[in-house]
Structure formats: C-alpha cells, structure tokens
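Chemist: Pasting a structure below so you can have a look.
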Amino acid sequence: MSEVRVRFCPSPTGTPHVGNIRTALFNWAWAKHTKGKFIFRIEDTDTQRDSEESYQLLLEALRWLNIDWDEGVEVGGPDEPYRQSQRYNIYKQVVKKLLTTGLAYESFSTPEEIQQRNINNGRPAQFGYDGADRHTSQADKQSFIDQGRKPVIRIKMPDCDITFTDLIRGTITFPAGSVPDYVIVRGNGHPLYTLVNPVDDALMGINCVLRGEDILSSTPRQIVLYKYLKDIGINKNQGDGVPQFGHLPYVMGEGNKKLSKRDPSSNLFLYKDEGFLPEAFINYLALLGWAIAPDRDIFSTKDFIKNFDIKAVNPNAARFDYKKALAINSEHIRSLPCEKLINYIVPYMHRDKILSAKQFANLNDREKNILKLATPLIQPRIQTLNQASSMLRFLFIKADNLEINQEAREQLNQTDKKVPHKQVLQISRDILTKENNWQTDILHTILFKQLIEVNNYKPKIAFTPLRVAISGKRVSPPLFESMAILGKNETIKRIEKLL
RNA sequence: GCCCCCAUCGUCUAGCGGCCUAGGACGCUGGCUUCUCAUGCCAGUAACACGGGUUCAAAUCCCGUUGGGGGUACCA
C-alpha cells in the first residue's frame, strides 16, 4: 500500500464548524498516524456564499488546534493552486476530454421538462433526471442552441450496481438505476462541486477520503467519475483510480439534530474564547466516535495520533455534550505544569483587561511571582481558561479598587446574624498587625487560634468576613494563601476598608 | 415515493458468539476530606429498541418491524 494521502477541503462559508473541524482532525490524525500526507484544499466554487473572511477563519481554526498540513493553501505543494477558484482552466480541460470521450454529454432539458416527462411516464415527480438527453440528436442540439438554450453537462452513469467498502461502515451497495446522470457543469459554464471535488482528488493523488456521512449518498456518482478520470488519464491514483472512503458520523447538537451552522454551539471559536485548551478540545472531539481504550478517555494529542485507527471509528452519530467537554478540559488544565498553565492564562487576562498591553508584553517580577504562587491555587478550581481572570483579578488590583460584590454582601448579612463582621475583622486586624512573619501557615495558625479557639467562632463565621474583605467575593482561592500573596500592608488595608 | 446510513445507561462509549447477573467516563445523588469554592477519595443511579431465526450458547451473526438521520439540486 502506498503512502496515505488524505485531505480536508472545506468551503469557506461562515464560521468554522465543530463537525467540520472534527473531520479535519480525523484526516490529520490519520495522516500523522500512517506517516502519510495531509492536504488542505479550499473548495470555493460557490461564488454566492464563499468569502475571504471565512477563509481566514478556517486558517485561524486549524492553527489554534495546531493542525498543520503538508501540502495546500499557504504552504504550497506540487499540485498548486489549492484554491478551486484558481483552477477553472484545469476543469475546463477535463470537461472537454469527458465530452469528447462520450463519458459526459450536453443536456438541454429544463427542470420543468424533466418533471413533466416523469409525470407523463407515470413516475413520481421527484424521480429525478431520466437520461433522455443521452439520445438527443446533433440536429436537435443545434436547434436548442439556436433557440438560445444553454446546456448543462451531465455524467453518463453506467447501468450497474455500485459497491464500495467504507472504512467505517463496511460494504455499501447502491443498486443500478438509483443514481441519475448528474450535472457537473451549469448552463452558464460554471463547474460544480460534483465535478471539481473528484477531479482535484484525482489530480492530487488523494487515495483516502474521510468526510462527513452527509455525502455518503453522493459516493457512487463520484466513484464513476474517478474511474472516468482514470480512463482519460488524469487520475494519479493506482488501480481503478477510486480512493478509499470513510464516512465519519455526524456531530449532533441538542435534540436529535445535526449540529447546524445556525446553532451557536457549532461555532469552533466559542470554545477558543471560553478558554478550552487546544489539546483538550482535540481530546473531546476525538471521543466523538472513537475510543482510545475501554477505560480511558483523557489523552494527549500525541497519544491520539499514536493510537488512532480510522477503521475503529464508530459509525453512529454522536451528540456534542458540553458538560463532558468541560470535564475533559478541566482534567487537562489540572494536569498542566504550572508554567504552561500560566502561559495559557496570561492572554485571557489581557483580554479581560486585568493585564494591560504593556504588562502583557512584559510581566514584571512581582506579577510573575503572583502568577507563580496563585496559579496552583486556581488550577483545580477552573474548568476553562477564562475563569482564571475573575479568580485572579483581586490579586492584581489595589485595595481601593476592590469591589465587594452583591453575593458577598448578602453572605455578610447572613453571618452578621451570629457575629457582626466588623467584630471579626477587628480581632483579625489586631492579631495580624502584630505579626511580622507573613507566611501562609503562620497566618493560618494565628487566626485559627484567635478566632476559633479563643473566641469560639464557627469557621464559617470567622472566615467569611475575611474572605470578603480580601477577595470581595463569597468564593475565593484559599484565604491564607491569598493573604500571603497580597502581603501584610495590602491585607490589612483591605480589612480596614470594611471596618 | 425511491436510494443509503444508523440503533448498548440521560450523554459519549467498551463489547466484534461463551470472560456480560454488560465495563469505563460525563452527568446526577449521597458520604468522607475541608477556611469558601473546587480538587481528591468512596458509594449509589441507569442501557443491549422490538419480533423472528441460526447456534449447545447471541448485546455480538441473519431477516423483518419500529424509530432516528441523510440523499433524491444548474448548493457543498
């Protein structure tokens, strides 16, 4: 078996879609696993819907996930160009050959005429094209042209069953007659996906096509075209020129619906913006239809590639479960070395305006130190990177700028019913003022002794006011650690602010 | 209408004829740990769509039914 050559060939319409990116991921992983080649081609033949902006977003999406490609747009390769909008000359030549060899033919029937013929012959109206123009005489064609009619070009489908072995689904057979002669070039001369997709695959030597199951039913007509392309000598694939196929299961959204473009949760960048780690998102996507082992579902991209097997992909559609994705992300965050997690968090803190552009560009020692001490504290507490910002914010501002949020105030009102928070804070302030050894365990010891043992307060009563004073919130990273990071001055300032 | 695909806990899945009174994970519930919230640990919850075959033996193979999805375009 020769080297595996797979491709990802999206149309640049709209925002990158989770299901689509999963297709890219599986192609990429299969290429990496087999040490084959991954080709990235753009199918921008739909001038109405394609846009340059969408193309840029596609690049950004793959780059975010660190999915790279061996040949294709931006990087070049032996089969340039890789954008179909720049390949019309090629398609024109191919169509000419298909026409002269009789494998394709001009068809003058209008959709209305086709439907009318079906009705007249007792077939259902939606029966499809009947192949009538195969037999249109040269004279009739000329008279249509004289009338100003422009023909579409159709592929002549052979009258036999078409069978192929799907990598994921096994043997699939389409009975003879179930696929009509289909259009490859519009009346206005514009080539269609039905033509250009197999043509480019043939020209680029794509021998393994992994794509969504939504195009499973167009496979038989493409198989015929691959063979015709072999016949006319423009198919680089071996044998009959037909690649292997693997039709990936759908990624479903809520209910039992394919995750649609309109569904906001289909937008890949949603997950980037929320602070998913690329590795974690890949991990989750890989789980949609594939399992690394019966009792394991957390793995690195490296392990994914090493173990991935397209033949082991499950054929049934998978629902995208946000909670599970979050859980996977949390696990990846927790297993990250502190330094790496900091590197991931800092851009989000800049985005959330906790770090200025200047700070973001060059963190000073104090800021670096806070991050180094505080990151391990929040690590088990965040599920996404953007949660880090709100948890870390209180450590990066001055006492004067610290806001006490509503929830925290309500909590104070609760504890005030037992012991007024000012009383707790006063005792704390007095004991802390005398302390010069400002370390986590010391702070823990002296406050515990004074508030819990001497004053006999319940922990909740004792520490809620302190927590609110220090962090401005009801829930925060561990109290004594936070106080140690803030330092004595800042800590006491915050306590006094509430007195 | 016709063609194709799919069918195990709520969800993602393991299972490829006997290791299955069906395993793991997420979720949910309860407990322990605890300065809040998390983490961590422990326990519980819950599934082979249905009906026929084949076989000594079926979640696993075959057929049918039902249900879901896709296609049937001068979109991709």
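The values are calculated or read from the model by the stated rules, or taken from the named source; none is laboratory data. Given the structure is predicted, the values throughout are model-derived calculations rather than measurements. Neighbour counts are summed over all protein chains in view; Cβ atoms, including those assigned to glycine, are modelled from backbone coordinates with ideal geometry.
Chemist: Mind counting the residues in the range A:12-40 that are touching a strand residue (DSSP E or B) at 6+ places or on another chain (Cβ under 8 Å), of a type in the set (Ser, Thr, Tyr) and at pLDDT 95 or above?
Modeler: Keep residues of the range A:12-40 that are touching a strand residue (DSSP E or B) at 6+ places or on another chain (Cβ under 8 Å), which gives A:12, A:15-20, A:22-24, A:26-28, A:30-32, A:36-40.
From the residues that got through so far, the ones that are of a type in the set (Ser, Thr, Tyr) too are A:15, A:23.
This time we only want the ones that are at pLDDT 95 or above, so: A:23.
Total meeting the criteria: 1.
Chemist: Taking the range A:349-383 as the region of interest, how many residues are crowded, with 16+ Cβ neighbours inside 10 Å, within 20 Å of residue A:403 (Cβ to Cβ) and away from RNA strand B (no atom under 16 Å from the Cβ)?
Modeler: 4
Chemist: Just wondering, is there one or more residues in the range A:278-287 that are within 8 Å of RNA strand B (Cβ to nearest atom), within 22 Å of residue A:64 (Cα to Cα), outside the structural domain of residue A:94 (by TED's automatic domain parsing) and surrounded by fewer than 20 Cβ atoms within 10 Å (Cβ to Cβ)? Write out each step before concluding.
Modeler: Within the range A:278-287, the first condition is being within 8 Å of RNA strand B (Cβ to nearest atom), and the residues that meet it are A:287.
Then keep just the ones that are within 22 Å of residue A:64 (Cα to Cα); that gives A:287.
Among the residues that remain, those that are also outside the structural domain of residue A:94 (by TED's automatic domain parsing) are: A:287.
Still in the running and surrounded by fewer than 20 Cβ atoms within 10 Å (Cβ to Cβ): A:287.
Scanning the range A:278-287 turns up at least one residue that is within 8 Å of RNA strand B (Cβ to nearest atom), within 22 Å of residue A:64 (Cα to Cα), outside the structural domain of residue A:94 (by TED's automatic domain parsing) and surrounded by fewer than 20 Cβ atoms within 10 Å (Cβ to Cβ).
Chemist: If I go through the range A:288-303 residue by residue, how many of them are assigned to a loop (DSSP other than H, G, I, E, B) and either over 15 Å from residue A:335 (Cα atoms) or near RNA strand B (Cβ under 7 Å from one of its atoms) (or both)? Spell out how you get there, then give the answer.
Modeler: Looking only at the range A:288-303, we keep the residues that are assigned to a loop (DSSP other than H, G, I, E, B), and these are A:288-292, A:294-295, A:297-300.
Subsequent filtering for residues that are either over 15 Å from residue A:335 (Cα atoms) or near RNA strand B (Cβ under 7 Å from one of its atoms) (or both) retains A:288-292, A:294-295, A:297.
The number of residues fulfilling the criteria is 8.
Chemist: Something else now. Going residue by residue through the range A:254-265, is there one that turns out to be under 26 Å from residue A:196 (Cβ atoms), at pLDDT 95 or above and within 13 Å of RNA strand B (Cβ to nearest atom)?
Modeler: Scanning the range A:254-265, I find no residue that is under 26 Å from residue A:196 (Cβ atoms), at pLDDT 95 or above and within 13 Å of RNA strand B (Cβ to nearest atom), so the answer is no.
Chemist: Sticking with this one: With the range A:412-494 as the region, which helices (runs of 4 or more DSSP H) entirely inside it contain at least 3 residues that are more than 14 Å from RNA strand B (Cβ to nearest atom) and more than 20 Å from residue A:370 (Cβ to Cβ)?
Modeler: Values: elements: A:421-433, A:440-447, A:459-471, A:479-486.
By residue number, A:421-433.
Chemist: Something else: Within the range A:44-85, count every residue that is surrounded by fewer than 18 Cβ atoms within 10 Å (Cβ to Cβ), part of a loop (DSSP other than H, G, I, E, B) and under 22 Å from the mean Cα position of the chain (by Cα).
Modeler: Count: 7.
Chemist: Determine which member of the set A:181, A:240 is touching a helix residue (DSSP H, G or I) at 6+ places or on another chain (Cβ under 9 Å), closer than 23 Å to residue A:94 by Cα, charged (D, E, K, R) and surrounded by fewer than 18 Cβ atoms within 10 Å (Cβ to Cβ). Give the derivation first.
Modeler: Numbers: A:181 fails: surrounded by fewer than 18 Cβ atoms within 10 Å (Cβ to Cβ).
Being touching a helix residue (DSSP H, G or I) at 6+ places or on another chain (Cβ under 9 Å), closer than 23 Å to residue A:94 by Cα, charged (D, E, K, R) and surrounded by fewer than 18 Cβ atoms within 10 Å (Cβ to Cβ) holds for just one of A:181, A:240, which is A:240.
Chemist: From (1) out of contact with any Ser or Thr (no Cβ under 9 Å at 6 or more places or on another chain); (2) closer than 30 Å to residue A:309 by Cβ; (3) without any contact (Cβ under 8 Å) to a residue 40 or more places away in the chain, pick out the condition that doesn't hold for residue A:126.
Modeler: For residue A:126, the exception is condition (2).
Chemist: Between a first residue in the range A:315-333 that is more than 16 Å from residue A:297 (Cβ to Cβ) and near RNA strand B (Cβ under 7 Å from one of its atoms) and a second residue that is at pLDDT below 95 and β-branched (Val, Ile, Thr), which pairs have beta carbons less than 9 Å apart while being 6 or more apart in sequence or on different chains?
Modeler: As it stands, the answer is A:317/A:251, since those pairs meet every condition given.
Chemist: I've got another one for you. List the residue pairs whose Cβ atoms are under 8 Å apart, where the first residue sits in the range A:33-49 and is in contact (Cβ under 8 Å) with a residue 60 or more places away in the chain and farther than 22 Å from residue A:14 by Cβ, the second is of a type in the set (Lys, Arg) and surrounded by fewer than 18 Cβ atoms within 10 Å (Cβ to Cβ), and the two are 6 or more positions apart or on different chains.
Modeler: Pairs found: A:33/A:306.
Chemist: Among all residue pairs at least 6 apart or on different chains, which show Cβ distances below 8 Å where the first residue, located in the range A:363-387, is under 24 Å from residue A:278 (Cα atoms) and the second is within 14 Å of RNA strand B (Cβ to nearest atom) and outside any helix (DSSP H, G or I)?
Modeler: Here the result reads A:374/A:477; A:377/A:477; A:377/A:478; A:378/A:477; A:379/A:336; A:381/A:477, each pair linking the range A:363-387 to a residue that is within 14 Å of RNA strand B (Cβ to nearest atom) and outside any helix (DSSP H, G or I).
Chemist: What are the residues in the range A:176-234 that are aromatic (Phe, Trp, Tyr) and within 30 Å of the chain's Cα centre (by Cα), if any? Full working, then the answer.
Modeler: Of all residues in the range A:176-234, those aromatic (Phe, Trp, Tyr) come to A:182, A:193, A:226, A:228.
Of everything in the range A:176-234, just one residue is aromatic (Phe, Trp, Tyr) and within 30 Å of the chain's Cα centre (by Cα), namely A:193.
Chemist: Considering only residues that are closer than 28 Å to residue A:271 by Cβ and among the acidic types (Asp, Glu), which ones fall in the range A:64-89? Full working, then the answer.
Modeler: So in the range A:64-89, the residues closer than 28 Å to residue A:271 by Cβ come out as A:64-75, A:82-83.
If the condition is that a residue be closer than 28 Å to residue A:271 by Cβ and among the acidic types (Asp, Glu), then A:68, A:70, A:71, A:74 are the ones that fit.
Chemist: For the range A:384-406, how many residues meet the condition of being surrounded by 13 or more Cβ atoms within 10 Å (Cβ to Cβ) and of a type in the set (D, E, K, R)?
Modeler: Of the residues in the range A:384-406, 1 are surrounded by 13 or more Cβ atoms within 10 Å (Cβ to Cβ) and of a type in the set (D, E, K, R).
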